[in-house]
Amino acid sequence: MDFTILTDYFGDYMEGFRGTLLSSLLALVGSFALGALIAVFRIGPVRALRWLGTGYVEFIRNIPLLLVVYVFYYGPAAFGIPLDGFTAGTIGLAVYTSSFIAEAIRAGIMAIPKGQTEAARSSGLTYGQTMVHIILPQAIRLVIPPLGNQFINLIKNSSVLTIVAGLDLMYFADIVNSDTFRTFDTYIFVALFYLVLTLPLSYGVRVWERRLQRKY
């Protein structure tokens with residue numbers, strides 16, 4: 001393995017690492033917020049919102065991530081609102097991941113005894129207040145392990161940004177590879193940068209899972 005590739009192109013690798021990290025963080029926040037909202041829609045009392053939430057999850061989960069990214073990359077441009085690759089890729093990543101997060105949070109909500117919802121409603125809280133203050137905090141704690149796994153998948157899926165010149169790790173790795181023609185070495189170093197992001201998160205998920213097992 002030629003380590004001079006890493007030293008000579010360390011600036012390119014770090015630029016891509018920062019792009020991947022920023023995209024992943026933005027997509028994580030966006031997908032969590034949207035996923036929580038869709039989960040509430042899916043188990044809510046309003047039939048139209050239940051249909052909307054179910055349709056959203058089933059549609060997004062069953063199409064390729066790349067297609068979602070293409071929709072946000074080429075779609076706005078068709079209406080005169082072009083988005084750069086980083087923005088379109090990050091939005092597509094957030095939308096795609098939110099469908100899986102919605103299902104995880106919905107499972108957590110369904111695990112909370114219905115009596116808590118009934119007690120909260122009888123005390124004068126609205127449905128929205130009940131969800132925000134009583135149900136969702138408990139549900140999210142229960143589903144942190146599967147949420148953590150989805151966030152790990154999100155980081156790995158961020159490599160799709162390279163298709164739309166999203167300035168991520170894979171994008172800069174392609175540049176390094178085109179300069180050096182050392183394909184194996186170039187992408188092995190990329191894998192190491194991804195591991196820097198995913199291994200600590202994976203460890204944290206396992207620790208939380210063990211804590212939940214001891215508690216319950």
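The values are calculated or read from the model by the stated rules, or taken from the named source; none is laboratory data. This is a predicted model, so every value here is computed, not measured. Positions of Cβ are backbone-derived with ideal geometry, glycine not excepted, and every protein chain shown enters the neighbour counts. Keep in mind that these areas ignore ligands, DNA and RNA; they rest on the heavy atoms of the full protein, side chains included. Shrake-Rupley method; radii C 1.70, N 1.55, O 1.52, S 1.80 Å.
Descriptive notes on the structure:
- Test: Leu6 is open to solvent by less than 70 Å² (accessible area, probe 1.4 Å) and farther than 27 Å from Tyr187 by Cβ: no
- Residues (part of a helix (DSSP H, G or I) and open to solvent by 70 Å² or more (accessible area, probe 1.4 Å)) located in region 52-64: Leu52, Glu58, Phe59, Arg61
- In this structure, Arg182 qualifies as touching an Asp or Glu at 6+ places or on another chain (Cβ under 8 Å) and of a type outside the set (Gly, Ala, Ser).
- Checked against (1) out of contact with any helix residue (DSSP H, G or I) (no Cβ under 6 Å at 6 or more places or on another chain); (2) surrounded by 13 or more Cβ atoms within 10 Å (Cβ to Cβ), Thr198 passes all but a single condition, namely (1).
- Residues in region 149-188 that are farther than 28 Å from Gly75 by Cα and in contact with a Phe, Trp or Tyr (Cβ under 7 Å, 6 or more places away or on another chain): Val176 alone.
- Only residues that are touching a Ser or Thr at 6+ places or on another chain (Cβ under 9 Å), open to solvent by 50 Å² or more (accessible area, probe 1.4 Å) and either under 14 Å from Thr97 (Cβ atoms) or among the charged types (D, E, K, R) (or both) were counted across region 9-43, and they come to 6.
- Just one of the numbered conditions (1) more than 24 Å from the chain's Cα centre (by Cα); (2) at negative phi; (3) modelled with pLDDT of 85 or more is not true of Gly80: (2).
- Given (1) assigned to a helix (DSSP H, G or I); (2) surrounded by 13 or more Cβ atoms within 10 Å (Cβ to Cβ), index of the condition Leu83 fails: (1)
- Identity of the residue in region 176-195, open to solvent by 60 Å² or more (accessible area, probe 1.4 Å) and among the aliphatic types (A, V, I, L, M), that ends up farthest from Leu6 (Cα to Cα): Leu195
- Helices (runs of 4 or more DSSP H) contained entirely in region 120-216, each with at least 3 residues that are within 23 Å of Ser24 (Cα to Cα) and under 16 Å from the mean Cα position of the chain (by Cα): 144-157, 183-215
- When Leu49, Leu67, Leu28 are checked against the criterion of being in a helix (DSSP H, G or I) and either of a type in the set (S, T, N, Q) or under 15 Å from the mean Cα position of the chain (by Cα) (or both), a single residue qualifies: Leu28.
- Flag if Val46 is β-branched (Val, Ile, Thr) and surrounded by fewer than 16 Cβ atoms within 10 Å (Cβ to Cβ): yes
- Residue within region 159-171 that is surrounded by fewer than 15 Cβ atoms within 10 Å (Cβ to Cβ) and under 21 Å from Thr97 (Cα atoms) present: no
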